[in-house]
Structure formats: C-alpha cells, structure tokens
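Let me begin by presenting the structure, written as structure tokens, before commenting on it.
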Amino acid sequence: MAARGRECSIADALEVVGERWSLLALREILLGERRFNQIADNTGASRDILAARLRKLVDAGVLEKRQYEDHPPRFEYLPTESARALQPVLLGLMQWGDRYVHQGPPPTVYEHACGEQLQVKSVCAHCGEPVNAAGTHPLRVGAVR
C-alpha cells in the first residue's frame with residue numbers, strides 16, 4: 001500500500017534524516033567525529049541501529065564512507081555537501097531545544113566566525129526580513145495523494 005498524504009518536501013526529507021539516531025549521528029559528524037565507535041559512544045545508539053542509520057545516510061548521499069584501515073577493515077564517515085547544508089537546520093533545532101525543552105543553560109554553544117556566540121536566525125534571502133508564520137503564506141501546496 002502506497003503512503004498517502006500531501007506531497008511534501010518535508011516528508012521527503014524526513015524519510016532520509018527524520019529519525020533520532022540519524023540526526024544525532026549527523027550532529028557528531030558535523031562536530032568532527034568520523035569513526036563509528038566515537039559516533040556510537042557520543043550518541044548512545046546501539047551499534048546495529050547506528051550502522052543501519054549510517055548506511056541509509058551514505059545511500060542517500062548525505063555521508064561518504066571511506067576506508068582508513070585495511071586490517072581489519074575500518075571506515076570513517078565524512079559529511080558531503082548535503083550534510084553540511086543540514087548544519088543550519090540542526091543548529092536551529094538545537095536553539096529551539098535550548099529555549100523550549102532543555103532545562104538550564106545550553107549544553108553546547110557555538111561561536112560564529114565574527115567572534116560572537118552564534119544565534120541562528122531565519123531570514124528571507126531576498127529582503128533580509130525575519131521568517132515567521134505571520135509573514136509567510138504558501139504560493140503552491142503539494143497535492144494530497
């Protein structure tokens with residue numbers, strides 16, 4: 001039975017990265033961790049689940065798997081352009097979690113290239129105004145399948 005619902009790029013994206021362990025693996029890789037054991041330790045994911053999520057991210061072109069040792073064969077995971085394009089999304093999700101979910105000071109803080117603590121803000125690429133629900137409306141909505 002085919003999936004039903006509205007045709008939507010959000011749904012399509014969630015098919016690739018919309019699972020806890022996938023996002024946490026991406027977090028680690030974008031923080032600079034490359035090796036399976038490091039990623040497993042830092043995410044808390046079971047090895048079999050993490051292996052499946054990494055395989056899916058590699059198959060989708062989000063990560064590149066590269067062998068770094070022959071005996072025994074060992075691999076590292078590198079971010080592709082697709083993974084790097086997700087960093088603002090992950091940072092925005094982290095900032096939302098800091099504000100609305102996490103109790104206490106933020107556990108992770110980033111510094112921007114300008115030297116200030118990073119605060120992610122979505123703005124319109126055309127006019128530079130902030131993006132919010134009141135200031136947007138759909139021009140086209142995907143059809144219900």
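Every number in this text was worked out from the coordinates using simple rules, so none of it is lab data. In this text the structure is predicted, and so the values were computed from the model without any measurement. All Cβ positions, even for glycine, are placed from backbone atoms using ideal geometry, and neighbour counts span all protein chains on display.
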Counting only residues in region 93-111 that are without any contact (Cβ under 8 Å) to a residue 12 or more places away in the chain and β-branched (Val, Ile, Thr), the one farthest from Gly18 (Cα to Cα) is identified as Val109
Listed by first then second residue, the pairs whose first member lies in region 126-145 and is without any contact (Cβ under 8 Å) to a residue 40 or more places away in the chain and surrounded by 10 or more Cβ atoms within 10 Å (Cβ to Cβ), whose partner is hydrophobic (A, V, I, L, M, F, W, C) and in a loop (DSSP other than H, G, I, E, B), with beta carbons under 7 Å and at least 6 positions apart or on separate chains, are Val131/Cys124
Residue set Leu30, Leu54, Leu23; condition more than 30 Å from Gly142 (Cα to Cα) and either within 13 Å of the chain's Cα centre (by Cα) or in contact (Cβ under 8 Å) with a residue 60 or more places away in the chain (or both); output residue Leu30
